[in-house]
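Here is the structure we will look at.
The values are calculated or read from the model by the stated rules, or taken from the named source; none is laboratory data. It should be emphasised that the depicted structure is a prediction, and the values quoted were computed from it without experimental measurement. No Cβ is skipped: glycine too gets one built from the backbone with ideal geometry, and neighbour counts run over all protein chains shown. Just the protein is used for accessible areas: all its heavy atoms, side chains included, with ligands, DNA and RNA removed. Shrake-Rupley method; radii C 1.70, N 1.55, O 1.52, S 1.80 Å.
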Amino acid sequence: KHLDLACAGGTFIGSLSDNKKSFGVDISMKQINYAKKNYENKNHRFFYIKKNIIPFKKNFFDVITNLQLIEHLTIEDNIKLMKETYRVLKKEGKLIITTPNYSSPWILLEKILNFYGDVSYDEQHITFFNKTKIMNFLKDFGFKKIIISTNMAFSPFFAIFNWKFPDLIQKIEEKYFNNPYKLFLVIVCVK
């Protein structure tokens, strides 16, 4: 059983196999309604949540994804959500987190996008993690194993050409450029 936190309109779950149980939760009723209309079936279900309370029993999920969410929450809200996440995750279950790496050129990229773009990351991203900060944040929740890696350096910039080219660049980056300054953190926590 899989849970996607902040599932928004459900597109991630919609891309997963219909043969596996995946549940999505979000604080936006509009997004949940969209997800239900477009992606819900007998194995893919969506739920509206309030106050970071996940509406499932203790030790329910094998895998929980928290993708590009924690940077949008305060530390206090992240603590509440992490406690709930830990509660509903099974023993030996995995929590997968992705977030921008604020020890990478991501900081400069945000400043450029803030200056030239329509969306201001100053308003969107309010908590900033790097490898050290995310490890310090996660270490007290009780996970028996926390693995932190980085992902994507230049590949996203090639998406303007097509989707296959960035995939190729990503494979090259993973094989030859293993450095801590890639744009995103990928964290796997085992309960």
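Is it the case that Phe161 is at pLDDT 85 or above, among the aromatic types (Phe, Trp, Tyr) and assigned to a loop (DSSP other than H, G, I, E, B)?
On the way: at pLDDT 85 or above: no; among the aromatic types (Phe, Trp, Tyr): yes; assigned to a loop (DSSP other than H, G, I, E, B): yes.
Against the criterion (at pLDDT 85 or above, among the aromatic types (Phe, Trp, Tyr) and assigned to a loop (DSSP other than H, G, I, E, B)), Phe161 does not qualify.
Yes/no matrix, rows are residues, columns are (1) within 29 Å of Leu183 (Cβ to Cβ); (2) of a type outside the set (S, T, N, Q); (3) open to solvent by 30 Å² or more (accessible area, probe 1.4 Å):
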site: Lys42; (1), (2), (3): no, yes, yes
site: Arg45; (1), (2), (3): no, yes, yes
site: Lys51; (1), (2), (3): no, yes, yes
site: Thr65; (1), (2), (3): yes, no, no
site: Glu71; (1), (2), (3): yes, yes, no
site: Lys90; (1), (2), (3): no, yes, yes
site: Leu95; (1), (2), (3): yes, yes, no
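Right, Pro105: surrounded by 16 or more Cβ atoms within 10 Å (Cβ to Cβ), touching a residue at least 60 places away in the same chain (Cβ under 8 Å) and of a type outside the set (Phe, Trp, Tyr) or not? Let's see the steps before the verdict.
On the way: surrounded by 16 or more Cβ atoms within 10 Å (Cβ to Cβ): no; touching a residue at least 60 places away in the same chain (Cβ under 8 Å): yes; of a type outside the set (Phe, Trp, Tyr): yes.
Answer is no for this residue.
Among the residues of segment 171-191, how many are part of a helix (DSSP H, G or I) and either open to solvent by less than 30 Å² (accessible area, probe 1.4 Å) or closer than 15 Å to Met135 by Cα (or both)?
First, the residues of segment 171-191 that are part of a helix (DSSP H, G or I): 171-176.
Imposing the further condition that a residue be either open to solvent by less than 30 Å² (accessible area, probe 1.4 Å) or closer than 15 Å to Met135 by Cα (or both) reduces the set to 173.
Matching residues across segment 171-191 total 1.
Conditions (1) closer than 27 Å to His2 by Cβ; (2) not hydrophobic (A, V, I, L, M, F, W, C), marked per residue:
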| residue | (1), (2) |
| --- | --- |
| Ile64 | yes, no |
| Gln68 | yes, yes |
| Glu92 | yes, yes |
| Tyr102 | no, yes |
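Could you check, for segment 46-66, whether at least one of its residues is assigned to a helix (DSSP H, G or I) and free of Cβ contacts under 8 Å to residues at least 40 places away in the same chain? Spell out the reasoning first.
Quick first cut of segment 46-66, residues assigned to a helix (DSSP H, G or I) only: none.
No - not one qualifying residue is present in segment 46-66.
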Could you check Glu76 against (1) free of Cβ contacts under 8 Å to residues at least 12 places away in the same chain; (2) closer than 19 Å to Val190 by Cα and say which number it fails? (2)
